[in-house]
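To keep things clear, I will list the structure first and then write my remarks on it.
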Amino acid sequence: ASYGTARISITATDGEASTTASFTVSFIPSLVYHVIDLEDLAQDPVTEATAIDDSGRAGGLIGSGAMQRGLLFGNLLTGGSLQDTGLTGMNHRISGLAVGTGGSPAYEVGSFLQTSSSGGVSVTRRHAYRRVDGVVTTNFSWPNGSEAIAINRLGTMVGVATNLSVAYPFFLTAGINKIQNPPNLINTLARGVPVGIDELDQIVGYTPTNTT
């Protein structure tokens, strides 16, 4: 890949005749890296960044224990700014970020804890969620909890749903709010954990014994 091109023409003449040769050159500048300390931006000694998208947004978590909440920064390329996730106080964390083709919409996936009561018994479960342009479009629970881990630029998310202590990978297409198994992997990845998905719906992850 090249970051720039230039067209160069050279003409030679002896006073009576001339000839011209042209050619195109391309160049790739040296990459310059800059480390941004999110701890300083967040003003909290406990920060963890777990996701970044093409717009420069970074997400993760801030704080610990009951005070843990989602961490979301605006464009880090211009210095970044801490943004309100609207899900504070629920042990919230952001696991994946993406932007659609052309820079919109802005996707976000993660999970948070929620306590419900039934028959006088309180049960706390982790709930997976998906947000589009800041609006929660998917929020679902599973018998023993669920967690969204990654999302692609088409809005398809992957994660794990736990039932009877067994973690099952799930695949959730944009616009659909029903858990699906990853295509062609319904019976082979029980207890598997997907950690990434691309625009072709290719999924990577791991099982307790190997990498898939």
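The values are calculated or read from the model by the stated rules, or taken from the named source; none is laboratory data. The shown structure was predicted, so the numbers you read here are calculated from the model rather than taken from an experiment. With ideal geometry, Cβ positions are generated from the backbone for all residues, glycine too; neighbour counts draw on all protein chains shown. Accessible surface is based on the protein model in full, side chains and every heavy atom, while ligands, DNA and RNA are left aside. Shrake-Rupley method; radii C 1.70, N 1.55, O 1.52, S 1.80 Å.
Please go through the range 82-105 and pick out each residue that is surrounded by 15 or more Cβ atoms within 10 Å (Cβ to Cβ) and at pLDDT 85 or above. First the steps, then the outcome.
Going through the range 82-105, the residues surrounded by 15 or more Cβ atoms within 10 Å (Cβ to Cβ) turn out to be 82, 85, 87-88, 90-100, 105.
Within the range 82-105, ARG93, ILE94, SER95, GLY96, LEU97, ALA98, VAL99, GLY100, PRO105 qualify.
When only residues in the range 133-148 that are part of a strand (DSSP E or B) and open to solvent by 10 Å² or more (accessible area, probe 1.4 Å) count, which is farthest from VAL204 (Cα to Cα)?
Only one residue tops the list, namely VAL135.
Has the range 103-116 got any residue that is part of a strand (DSSP E or B), of a type in the set (Val, Ile, Thr) and out of contact with any Lys or Arg (no Cβ under 9 Å at 6 or more places or on another chain)?
no
For ASP54, state whether it is of a type in the set (Asp, Glu) and either at pLDDT 85 or above or open to solvent by less than 60 Å² (accessible area, probe 1.4 Å) (or both).
yes
In this structure, does VAL135 turn out to be without any contact (Cβ under 8 Å) to a residue 40 or more places away in the chain and not hydroxyl-bearing (Ser, Thr, Tyr)?
Working: without any contact (Cβ under 8 Å) to a residue 40 or more places away in the chain: yes; not hydroxyl-bearing (Ser, Thr, Tyr): yes.
When the stated conditions are applied, VAL135 passes them.
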